[in-house]
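The values are calculated or read from the model by the stated rules, or taken from the named source; none is laboratory data. A quick note: this is a predicted structure, and the numbers were derived from the prediction, not measured. Glycine gets a Cβ as well: all are built from the backbone with ideal geometry, and neighbour counts include every protein chain shown. Heavy atoms of the whole protein, side chains included, go into the accessibility calculation; ligands, DNA and RNA do not. Shrake-Rupley method; radii C 1.70, N 1.55, O 1.52, S 1.80 Å.
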Amino acid sequence: MESLQMALNVVVPMFLMLALGCLLRRIGMFDQHTLDKMNDVCFKVFMAPLLYYNIYTARTPIGESGRMLLFAVVSELLLFTGLWIITVVIEKENPRRAALLQGLFRTNAVLFCTAIGTSILGEGNIGPISLLVSVVVPLYNVLTVIELEIFRGGKIKPGKIALGVLKNPYIVAAILGYLTVALRIQLPVPVVTSLRDITRCSTPVALMVLGGLFNFGAVRGNLRNIIVGVAGRLVIVPAIMLPITIWMGFRGVELVGLMGMFVAPTAVASFNMAHAMDADYDLAGHLVVFGTMFSVVTIFFWVFGLGYLGFI
C-alpha cells in the first residue's frame, strides 16, 4: 500500500497539470504563440533558477556524487551508441533516423527528474539530482547536435557546440550554483526566499505548458516509428538500465535521480532541434506528445515496482 501511495503521489499531480494545460488549450485560453512564450519563460526563468536553488540549498560537493555522475555519463554514452546502431538498422531514411534516435536517448530530465524527486523525497532534498541534471543536459545537447549534423550530411563544429552548451541557461545556473557552494557564499534570506517562491512555480507551469503543446495530428505516416520510439524510451530502456543501476548499488536520492533520467519521456526541445537541423520534425513532435502522455502510466508502474521491492 505504501508503494502504491508513493506511485500515485508521483503521477497524479503530473497528470492533472498535463490535463489542465491540454484543457486550457482546447477552450482557447492558450494558443500556440502563448504556449511558445510560456515555454521559453518557464525553462529560462523558472527551471534554471530551480537548478541553482537546489544546488545552493543542498550544499552537496560534486565529489560526493561523483560515482553517480560517472555512471550516468557512461550509461548515456553506451545507450547513445547502441541506440544509434539499432536506429540505422530499423530505419532507412536519414531525417527519420535523426528524429527517432533523438527521441530514444534524449529525455526530459530537467522536468521529470525534478518532479519525481520532489514527489518522493520532498522539497529541498534533491540536491544530488540537480547535480545529475546539470551533467546530463549538456551531454544530451552535444550528442544531439552531433547525430543531427551527421544524419543531415553536415560538418561537426566543436567550437560552435561548446559555445551553445555554455550559453544554455541550465549550464549557467549550474556553474553559478557550484561557484556559490565552492566559495561558501551565503545569500541574503530575502533572496533565497524569492528564489524558493520562483522555483515553486517551475514544475506545475512546465507541465501545464507541455500539456497545452499536445498535438495528435498526422500520426498515420509515422505510426511504426512512434511505437518504436515511445516503447523504447518508456519501457525497453528503463527495463535494461534500472536493474543495472540497482545492481551497481545505487539507493536513496541517487537511485531516484537515475530512475528519473531513465524513465522520463523525450525532451520537448527535441522538436525544435529537429526542425532547425532538417530532421523529421513531425516524428520528433509525435515522440514528445505520445511519450509524455504514456509516461504517466509507465512512470507509475516503475515507481510502484521499485517501491514495492523496497529499493526506493
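Pick from PHE294, PHE262: which is of a type in the set (Phe, Trp, Tyr), at pLDDT below 95, assigned to a helix (DSSP H, G or I) and touching a Pro at 6+ places or on another chain (Cβ under 8 Å)?
Only one candidate passes the filter, namely PHE294.
Going residue by residue through the stretch 272-280, is there one that turns out to be modelled with pLDDT of 95 or more and surrounded by fewer than 22 Cβ atoms within 10 Å (Cβ to Cβ)?
no
Quick check: anything in the stretch 252-259 farther than 22 Å from SER119 by Cα and either crowded, with 22+ Cβ neighbours inside 10 Å or not basic (Lys, Arg) (or both)?
no
Would you point out the residue of the stretch 99-118, among those that are assigned to a helix (DSSP H, G or I) and hydroxyl-bearing (Ser, Thr, Tyr), that is farthest from the chain's Cα centre (by Cα)?
THR118
With respect to THR203, is the statement that it is of a type in the set (S, T, N, Q), over 29 Å from ILE90 (Cβ atoms), out of contact with any strand residue (DSSP E or B) (no Cβ under 7 Å at 6 or more places or on another chain) and surrounded by fewer than 17 Cβ atoms within 10 Å (Cβ to Cβ) true?
On the way: of a type in the set (S, T, N, Q): yes; over 29 Å from ILE90 (Cβ atoms): yes; out of contact with any strand residue (DSSP E or B) (no Cβ under 7 Å at 6 or more places or on another chain): yes; surrounded by fewer than 17 Cβ atoms within 10 Å (Cβ to Cβ): no.
No.
With (1) surrounded by 17 or more Cβ atoms within 10 Å (Cβ to Cβ); (2) at pLDDT 90 or above; (3) farther than 16 Å from VAL137 by Cβ; (4) not polar (S, T, N, Q) as the list, and GLU76 as the residue in question, which single condition is left unmet?
(3)
Can you find a residue that is touching a Cys at 6+ places or on another chain (Cβ under 7 Å), of a type in the set (A, V, I, L, M, F, W, C) and either open to solvent by less than 40 Å² (accessible area, probe 1.4 Å) or in a helix (DSSP H, G or I) (or both) anywhere in the stretch 43-65?
yes
Please count how many residues of the stretch 214-233 are open to solvent by less than 70 Å² (accessible area, probe 1.4 Å) and over 15 Å from PHE80 (Cα atoms). Working first, answer last.
Initially, the stretch 214-233 is screened for residues open to solvent by less than 70 Å² (accessible area, probe 1.4 Å), giving 214, 217, 219, 221-222, 225-226, 228-233.
Narrowing further to those that are over 15 Å from PHE80 (Cα atoms): 214, 217, 219, 221-222, 225-226, 228, 230-231.
Counting residues in the stretch 214-233 that are open to solvent by less than 70 Å² (accessible area, probe 1.4 Å) and over 15 Å from PHE80 (Cα atoms) gives 10.
Within the stretch 23-42, take every residue that is more than 18 Å from VAL110 (Cβ to Cβ) and of a type in the set (A, V, I, L, M) and give me the one that is most open to solvent (accessible area, probe 1.4 Å).
The residue in question is MET29.
Name, by its number, the condition in (1) open to solvent by less than 10 Å² (accessible area, probe 1.4 Å); (2) β-branched (Val, Ile, Thr); (3) closer than 23 Å to ASN9 by Cβ that does not hold for VAL237.
Looking at each condition in turn, VAL237 falls short on (3).
Listed residues GLN102, GLN5; which is within 24 Å of ILE299 (Cβ to Cβ), exposed (fewer than 15 other Cβ atoms within 10 Å of the Cβ) and polar (S, T, N, Q)? Spell out the reasoning first.
On the way: GLN102 fails: exposed (fewer than 15 other Cβ atoms within 10 Å of the Cβ).
Residue meeting the stated conditions: GLN5.
Could you say whether any residue in the stretch 178-187 is out of contact with any helix residue (DSSP H, G or I) (no Cβ under 6 Å at 6 or more places or on another chain), buried (at least 17 other Cβ atoms within 10 Å of the Cβ) and more than 24 Å from GLY252 (Cα to Cα)?
The answer is no, given that none of the residues of the stretch 178-187 is out of contact with any helix residue (DSSP H, G or I) (no Cβ under 6 Å at 6 or more places or on another chain), buried (at least 17 other Cβ atoms within 10 Å of the Cβ) and more than 24 Å from GLY252 (Cα to Cα).
Could you go through the stretch 79-89 and let me know if any residue there is in a helix (DSSP H, G or I), at pLDDT 95 or above and under 24 Å from PHE301 (Cα atoms).
Yes - at least one qualifying residue is present in the stretch 79-89.
Can you pull out every residue in the stretch 260-287 that is under 11 Å from the mean Cα position of the chain (by Cα) and not small (Gly, Ala, Ser)?
Within the stretch 260-287, MET261, PHE262, VAL263, PRO265, THR266, VAL268 qualify.
Please determine whether any residue of the stretch 210-227 is in contact with a strand residue (DSSP E or B) (Cβ under 8 Å, 6 or more places away or on another chain), of a type in the set (A, V, I, L, M) and not in a helix (DSSP H, G or I).
No: the stretch 210-227 contains no residue that is in contact with a strand residue (DSSP E or B) (Cβ under 8 Å, 6 or more places away or on another chain), of a type in the set (A, V, I, L, M) and not in a helix (DSSP H, G or I).
What number of residues within the stretch 240-251 are assigned to a helix (DSSP H, G or I) and open to solvent by 50 Å² or more (accessible area, probe 1.4 Å)?
Residues meeting the conditions: 4.
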